[in-house]
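Presented below is the structure to which this report refers.
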Amino acid sequence: MPEAQQGTELVFLGLTFNPEVLGLWLQAVLTFAIFSFLWGDNRVYKFAEHVFVGISAGYGAVIVWQQAVLLLLVFKLWPQLSAKADVTADHWVIIPGILGLLMLTRFMPKYDWLSRYPIAFTVGLYAGTGIPRIVPAYLLRQMGATMKPLVPGADVGWWVAVSSLVVLVGVICTLTYFYFSRPHEGALGVSSKIGIWFLMVAFGAGFGNTVMARISLLIGRVEFLLYDWLPVWWPGAGL
Amino acid sequence: MGFIAGIFMVVNFFVPHAVGTQGEWMLMEWARIIGAFALILGLASLFRTHWNKIRRRQSQWGYSVVTLASFALMVWAGIIYGSGQGPLAERLVTVKSGALFEWLFNNVQVPLDATMFSLLAFFIASAAYRTFRARNFEAILLIVAAIIIMLGRVPMAELFNLPHGEHIDAKMPQIYEWIMQFPALAGKRGILFGVALGAIATSLRIILGIERSHLGG
C-alpha cells in the first residue's frame, strides 16, 4: 500500500480511497462496533474485540522486535546490519540471548526446567533493583511528606497546618487499621475506625477519578464522531 | 542465579562505582532481551489457543481467524513491509516503523483502545447505581467523596450557563483539590506504606531463595 504512505489516493477494487478519509471511516465503524455492546453482546462487537486483541498483540511484537531484539541483541552481535555507523559490537549479549533461548524450552516438557534460569535471573534482578528504590521513594520521602509543620506561624498558615494534621492523623489511623497483631479495641479500635473513614474517602476519590477518566475517553470518542467523522460523511452537518 | 543478580543490584546501589553502574545498565538490558523471548512464549500461547479453536472448529472459531489475521497484518506491516522500500532483508532489520504500521496503529488500535475503555464509563456507572447504598457512615463518606471528585472535574457554570463567580462552580475544584491532596492522600499513603513493606519483604524472600513460587513447583 505505497499510496497510503505518500498520503495520496489509494485505488482498491476499482474504488478510489483517500487514506485519511478511509482511516476516519475505519475509526468510526470500529467505534460504533464497540459501542454496539451497550445494546447487547453481538457479532459486530465480537469482531471488533478480536481485531483489537490481534492488532494489540501484533503491535507489541513489532515494538519488541525493533526496540529489544534488533537494538539490544542483533545489532550488537552483527553491527554491520545496523544502518547507523556508530553501533559497536558487544558479544556479551550472547549470554541473555542463550538465557532467552532457554526460556523457549517451556515448549519441550522434557527440558522445561531449563527455563527456570532466565526466570530466576529476571525476577532476582528486578527484586534487587526494587529494594533500594522502594525505600527512599515509597517510605522515606512519603514519611517526610507526612510530617509537615503542624503549628501555624510566619511560614505556615492555619489552614495549611490543619491540612497537614489531617494527613498525619489519616496516615497513622490508616496504618493502625492494617495492624492485625492486636485486637482492634480501645484506642486502637477508635484509631482504626478513623482509618477506615480515610480509606473510604481515598476509595471514593479513586472511584470518582476512574469514572471521570472513562468519561473523558467517552467525550473524546463522541467528539471524534461529531467533529471529525460526521463532516466527512455529511458535509452540511455544520458541527 | 536470582541471588547473584539481586545482590549485585542491591550492593551496587549502596556502593556505587562506575564499573558497577555500567554493569547495572548491562544487566537491565539483558533483562529486556530475555523479556523479548518471554513475549514469544506469550504470543505462542495466543497462537496455539486460537489455532486449536480453528482446527477443531469449536464454537465461534471464526473470531479466532480474525484475531490471528489482525495479528499477522500488524506484524507484516511493521516488520516485513516496513517502509515499503528496499529489499526484504533490509526492511527486516529496520528499526523505524513504516507509514502503514502507523496508519493501522492510529486508525485501528488507538480508537479501539479508547472506545473499549470509554465503554467502562457506562458499566461503572451502572454498577455503582446498583451497589452503592448509603447504609452507614463509611458508605456515605465513600459516596460523598466520589460525587465531589466527579463534580469537581465538571465545568458546571458552563453546563448551566451561569456566570463565573463565587458560587459552587468556583468552589468545587478547590474542594476537589483539597480532598485529593489531604484526606484521600492520607488513606492512599497508608496503603502505600503497606505495599512498600510487602514489596521489600517479598523481594528479600526472592533474593534469599525463600520464595520460589515464580519458578513453579
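The values are calculated or read from the model by the stated rules, or taken from the named source; none is laboratory data. None of these values were measured; they are calculated from a predicted model. Don't worry about glycine lacking a Cβ; one is built from the backbone with ideal geometry, like all the others, and counts go over all protein chains shown. The protein model used for the area step is the full one, side chains on, heavy atoms only, and it has no ligands, DNA or RNA in it. Shrake-Rupley method; radii C 1.70, N 1.55, O 1.52, S 1.80 Å.
For segment A:189-199, name all the residues that are surrounded by fewer than 24 Cβ atoms within 10 Å (Cβ to Cβ) and under 30 Å from the mean Cα position of the chain (by Cα).
Going through segment A:189-199, the residues surrounded by fewer than 24 Cβ atoms within 10 Å (Cβ to Cβ) turn out to be A:189-194, A:196-197.
Once the filter is applied, which keeps residues that are surrounded by fewer than 24 Cβ atoms within 10 Å (Cβ to Cβ) and under 30 Å from the mean Cα position of the chain (by Cα), segment A:189-199 yields A:Ile196, A:Trp197.
Regarding B:Ile34, is this residue open to solvent by less than 40 Å² (accessible area, probe 1.4 Å), hydrophobic (A, V, I, L, M, F, W, C) and either more than 8 Å from every other protein chain (Cβ to nearest Cβ) or over 25 Å from A:Lys46 (Cβ atoms) (or both)? Show your work before the answer.
Working: open to solvent by less than 40 Å² (accessible area, probe 1.4 Å): yes; hydrophobic (A, V, I, L, M, F, W, C): yes; either more than 8 Å from every other protein chain (Cβ to nearest Cβ) or over 25 Å from A:Lys46 (Cβ atoms) (or both): yes.
Criteria met by B:Ile34.
As an exercise: evaluate A:Val171 against (1) more than 10 Å from chain B (Cβ to nearest Cβ); (2) touching a residue at least 24 places away in the same chain (Cβ under 8 Å) and give the number of the one condition it does not meet.
Against the list (1) more than 10 Å from chain B (Cβ to nearest Cβ); (2) touching a residue at least 24 places away in the same chain (Cβ under 8 Å), A:Val171 comes up short only on (1).
Taking segment B:93-119 only, how many residues are at pLDDT 90 or above and either of a type outside the set (Ser, Thr, Tyr) or assigned to a loop (DSSP other than H, G, I, E, B) (or both)?
Here is the first cut: in segment B:93-119, the residues at pLDDT 90 or above are B:101-119.
Right, trim to either of a type outside the set (Ser, Thr, Tyr) or assigned to a loop (DSSP other than H, G, I, E, B) (or both) and you get B:101-114, B:116-117, B:119.
Going through segment B:93-119 one residue at a time, the tally reaches 17.
Considering each of A:Asp228, A:Asp155 in turn, give the residue that is outside the structural domain of A:Leu22 (by TED's automatic domain parsing), open to solvent by 30 Å² or more (accessible area, probe 1.4 Å), in a loop (DSSP other than H, G, I, E, B) and not β-branched (Val, Ile, Thr). Explain how you work it out, then say what you get.
Details: A:Asp228 fails: in a loop (DSSP other than H, G, I, E, B).
Just a single option satisfies the conditions, and that option is A:Asp155.
List the number of the failed condition for A:Leu125; all other conditions in (1) surrounded by 18 or more Cβ atoms within 10 Å (Cβ to Cβ); (2) under 15 Å from B:Gly194 (Cα atoms); (3) of a type in the set (A, V, I, L, M) hold.
For A:Leu125, the exception is condition (2).
Name every residue in segment B:192-203 that is surrounded by 14 or more Cβ atoms within 10 Å (Cβ to Cβ) and more than 7 Å from chain A (Cβ to nearest Cβ), in order of residue number.
Scanning segment B:192-203 gives B:Leu197, B:Thr202.
Looking at segment A:184-199, can you tell me whether even one residue there is more than 9 Å from every other protein chain (Cβ to nearest Cβ) and assigned to a loop (DSSP other than H, G, I, E, B)?
Yes, segment A:184-199 has at least one match.
Does segment B:58-80 include one or more residues that are more than 30 Å from A:Ala48 (Cβ to Cβ), out of contact with any strand residue (DSSP E or B) (no Cβ under 9 Å at 6 or more places or on another chain), assigned to a helix (DSSP H, G or I) and not aromatic (Phe, Trp, Tyr)?
Residues of segment B:58-80 that are more than 30 Å from A:Ala48 (Cβ to Cβ), as a first pass: none.
No, the conditions are met nowhere in segment B:58-80.
Can you work out which of the residues in segment A:176-188 that are among the aromatic types (Phe, Trp, Tyr) and over 17 Å from B:Lys188 (Cβ atoms) is least open to solvent (accessible area, probe 1.4 Å)? Please lay out each step first, then the result.
Step one: of segment A:176-188, the residues among the aromatic types (Phe, Trp, Tyr) are A:177-180.
Now restrict to residues that are over 17 Å from B:Lys188 (Cβ atoms): A:179-180.
Values: A:Tyr179: 100, A:Phe180: 151 Å².
Within segment A:176-188, the match that is least open to solvent (accessible area, probe 1.4 Å) is A:Tyr179.
State all residues of segment A:74-93 that are open to solvent by 90 Å² or more (accessible area, probe 1.4 Å), at the interface with chain B (Cβ under 10 Å from one of its Cβ atoms) and of a type in the set (A, V, I, L, M, F, W, C); if no residue qualifies, say none.
Passing the criteria: A:Trp78, A:Ala83, A:Trp92.
A:Leu230 - would you say it is within 30 Å of A:Leu30 (Cα to Cα) and more than 10 Å from every other protein chain (Cβ to nearest Cβ)? Steps first, please.
Details: within 30 Å of A:Leu30 (Cα to Cα): yes; more than 10 Å from every other protein chain (Cβ to nearest Cβ): yes.
Taking the combined requirement at face value, the residue satisfies it.
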